[in-house]
Amino acid sequence: MSILSKTISRRSIIELPKREFAIGVIRILPNCNPSLRKTLKDEYYVLNQRFKVNNRKHEVTLSADTNMVDFFGKGITIQAVVGTNGSGKSSLFEIIYRAINNLSCLLSLGNRRKASEQLYFIDGLWVELYVAIDGKLYCIANHGDNITVSHGKRKIIDLMAFYNYAPSKDYVKISEFIEWAKECLFYTIVSNYSLQAFNTQDYECEDCFIVDGKRGRQHIEDKVWINGLFHKNDGYQTPIVLNPYRDNGCIDMKKEHWLTLYRLSSAMIYAEKHNKAFMKDYQLHQILYTYSDDSLYSKYKDKLSNPYRNYKPGDLQQPDFGTVILSAYNVVNKLDYDDPVQHAAAMYLIYKTYSIANTYPNYREFLPIGQLTDFTGQTNSGTADFTEKLVAKILKDKSHISLKIRQTLHFIDGIANNRLNTESLRSKTISYQEYVEAVAPDKSLRSMKEIQEYLPPSLFRIDIELNKYEYGHIKNASPISLNRLSSGERQYLYTFSTYIYHILNLLSIQDSSRVRYRRMNLIFDEVEICFHPEFQRRFIDELLGYIKRLGMNRYATFCITIATHSPFILSDIPQSNILYLENGRTADSSKFKNPFAANICDILFQSFFLKNGFIGEYARKRINNLLKYLQDQHKCIPKSKLMEIESLKQKIGDPFINMHIDQLISRSNEKDNNH
């Protein structure tokens, strides 16, 4: 059984007999602001030959050839963008991000997202995205201030008409667009770990504005649109997220590391339970948890003048908000508040409840509950009832939003049933196996949902220990902490865990009143950073393996687009799914050899435009200078020069080059003798 078969209600999933999703064409229009398109030209950029462009008619259609549909697996499309540095790969991806940003901005009506950065509409963007969905072609067009979504000649929505309250004959009600979005809108997950990527100062020159509910502009200064697209607590309402999180261009690698450990733990546990290695050559040895409430304490300390450790539930006749919250979770009488571990669990429930109410759009009705600073304030009958309704909604919510609440409740039950000893937790580590036996003694926990449900709450630090295997045998004498892996190995894990985490969260959303994304647009920019050629060679196969093993393509379709300089990655992708860029234009690839399973040197030469060969430039110049000297030599070569040449030959690894040098030396000697 698929791991998600229990995670997602079958009634909420419609499995189509033939499923397809791909962003296949990006069109840059002449009106597009040059600072937005950068090196890109006014043309159609075709990522996938399933899409056909008639430049004369300015028309895009879908080819009848479906040979590549499902080539990589059911509901999975993989395509690549290649070219030298500066050819426009990242610029093309940024066009996609801008178009999605503007669509999201208008759909949000300019409402401020309380717990995340404001979305800003980018001025001067004139682009079109052509998307194939289950055999139908859609166009998402951003023409300056206006955005339209259309299928053929039929407009699904004209947002200019909607916001101007002046419907044209093509105008369609917003309700119809919402129905389309629920079925067809895709979620974009982006990763780019380059230090030069997504730096705030690179986007400061781009004019943007806020749109209010009456389509009025509110011009702003000193704001950067890209800051609104990083991982944020908006419940995946905005259909794009950039990774890793950057705070004005800065990456907190310590935070990224701890996030990765949390994300990896459930995936590695799942792999072990199903006798699969999450990472080739390594297998999970154990996961250890160490109790620490430091991060929780700092959250309260930042907001309150008095330390949170002093709090205890108040008079039940007129309870404070914290007491009402704990009572609604049915834990107020289960805990000993003099015990620091149990006290921290209670405080975490209060903190997380306020966080949910103040963060997620589908909980906006509970904003009047106030801020965390109010949790010691006294309630009345009305505010107490209001708070209880909030907790009741959280308890019914089985998505990622309430996951940490559920984990904490299981933790408290383990303590209340005397299966977890808090004094022991404070003094030593506990393994995952020991923890699960305490909080879920009668459960097998084989599905991903169950594994995540019964992980320890965010009151523990995590350490993952691995065994390294070679030829089927454990190579290391003692377990290897994930912290000790090389930077390349950790980067490999960071990349995969990021996508798996977001996809599983998206598939956990069951709220029928909102878009439940079942089309995943995965973008890997600069994907091979830190990767050994062997990691590059295995990358696509292992990415597909994760998607299929976790059953994710059973419930979602995937469009995976990769910008790469790696011939090993490109050798896994057929020619029909590759866009070659050169100086911002589509390169003529009509005479290119298909790179799928092709010779790596051939791929390097044609796909990455290595016109000067495959050896290092210093070596190439040294050899070329020698060859030129020998070709121009008309008399016997001096002995000292021959010794120098012989010394260089001993350093050259290619026997063909050495043979050519010997031939030129012989030819030079023959010329001298004839003379």
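The values are calculated or read from the model by the stated rules, or taken from the named source; none is laboratory data. What you are looking at is a predicted structure, and each value in this text was computed from that prediction instead of being measured. Note: ideal-geometry Cβ built from the backbone for every residue, glycine included; neighbour counts use all protein chains shown. Just the protein is used for accessible areas: all its heavy atoms, side chains included, with ligands, DNA and RNA removed. Shrake-Rupley method; radii C 1.70, N 1.55, O 1.52, S 1.80 Å.
Observations
- Pairing residues of the range 642-669 that are within 23 Å of Gly616 (Cα to Cα) with residues that are open to solvent by less than 90 Å² (accessible area, probe 1.4 Å) and not in a helix (DSSP H, G or I), at Cβ distances under 7 Å and at least 6 apart in sequence or on separate chains, gives Asn658/Ile652.
Conditions tested, residue by residue: (1) basic (Lys, Arg); (2) surrounded by fewer than 17 Cβ atoms within 10 Å (Cβ to Cβ); (3) modelled with pLDDT of 90 or more; (4) within 23 Å of Leu185 (Cα to Cα).
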position	(1), (2), (3), (4)
Ile540	no, no, yes, no
Leu544	no, no, yes, yes
Gly551	no, no, no, yes
Ser566	no, no, no, no
Leu579	no, no, yes, no
Gly584	no, no, yes, no
Ala597	no, yes, no, no
Asp602	no, yes, no, no
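- Of all the listed residues (Pro441, Pro457), the sole one being in a loop (DSSP other than H, G, I, E, B) and under 24 Å from the mean Cα position of the chain (by Cα) is Pro457.
- The range 114-137, residues that are under 25 Å from Ala556 (Cβ atoms) and surrounded by 18 or more Cβ atoms within 10 Å (Cβ to Cβ): Ser116, Leu119, Glu128, Leu129, Tyr130, Val131, Ala132, Ile133, Leu137
- Selection within the range 353-378 - open to solvent by less than 30 Å² (accessible area, probe 1.4 Å) and of a type outside the set (S, T, N, Q): Tyr354, Ile356, Ala357, Tyr360, Pro361, Tyr363, Phe366, Ile369, Gly370, Leu372, Phe375, Gly377
- Unique match (being at pLDDT below 80 and not hydrophobic (A, V, I, L, M, F, W, C)) among Asn658, Asn673: Asn673
- Filtered by the rule that a residue be in a strand (DSSP E or B), under 25 Å from Thr39 (Cα atoms) and of a type outside the set (A, V, I, L, M, F, W, C), the range 556-605 gives Thr561, Thr564, Tyr580, Glu582, Arg585, Thr586.
- Just one of (1) open to solvent by less than 30 Å² (accessible area, probe 1.4 Å); (2) touching an Asp or Glu at 6+ places or on another chain (Cβ under 8 Å); (3) farther than 20 Å from Phe386 by Cβ fails for Leu335. It is (2).
- Verdict on Leu395 being more than 23 Å from His274 (Cβ to Cβ), open to solvent by 10 Å² or more (accessible area, probe 1.4 Å) and touching a Ser or Thr at 6+ places or on another chain (Cβ under 8 Å): yes
- In this entry, Tyr499 passes the filter for residues that are modelled with pLDDT of 90 or more, under 23 Å from Lys548 (Cβ atoms) and surrounded by 21 or more Cβ atoms within 10 Å (Cβ to Cβ).
- Ala477, sole failed condition from (1) without any contact (Cβ under 8 Å) to a residue 12 or more places away in the chain; (2) touching a helix residue (DSSP H, G or I) at 6+ places or on another chain (Cβ under 7 Å): (2)
- Being open to solvent by less than 10 Å² (accessible area, probe 1.4 Å) and part of a helix (DSSP H, G or I) is a condition met by no residue of the range 275-288.
- Among residues of the range 142-163 that are modelled with pLDDT under 75, those with a beta-carbon under 7 Å from a residue that is of a type in the set (A, V, I, L, M, F, W, C) and open to solvent by 20 Å² or more (accessible area, probe 1.4 Å) at least six positions away or on a different chain give the pairs Phe162/Ile174.
- Count of the range 176-185 residues which are among the aromatic types (Phe, Trp, Tyr) and either open to solvent by 10 Å² or more (accessible area, probe 1.4 Å) or under 26 Å from Gln491 (Cα atoms) (or both): 1
- Among the candidates Leu522, Leu543, Leu504, the residue that is over 28 Å from Ser91 (Cβ atoms) and either assigned to a loop (DSSP other than H, G, I, E, B) or of a type in the set (A, V, I, L, M) (or both) is uniquely Leu504.
- The range 236-248 - residue that is open to solvent by 20 Å² or more (accessible area, probe 1.4 Å) and in a loop (DSSP other than H, G, I, E, B) and, of those, farthest from Tyr501 (Cα to Cα): Asn248
- Output for the range 51-83, where each listed residue is surrounded by 18 or more Cβ atoms within 10 Å (Cβ to Cβ) and in contact with a helix residue (DSSP H, G or I) (Cβ under 8 Å, 6 or more places away or on another chain): Met68, Phe72, Gly75, Ile76, Thr77, Ile78, Gln79, Ala80, Val81, Val82, Gly83
- Extreme residue, least open to solvent (accessible area, probe 1.4 Å), among residues of the range 638-655 that are in contact with a helix residue (DSSP H, G or I) (Cβ under 7 Å, 6 or more places away or on another chain) and modelled with pLDDT of 85 or more: Ile645
- With respect to the conditions (1) under 24 Å from Thr353 (Cα atoms); (2) open to solvent by 20 Å² or more (accessible area, probe 1.4 Å); (3) at pLDDT 80 or above; (4) more than 19 Å from the chain's Cα centre (by Cα), Leu296 falls short on a single one, namely (2).
- Leu47 open to solvent by 20 Å² or more (accessible area, probe 1.4 Å) and hydrophobic (A, V, I, L, M, F, W, C): no
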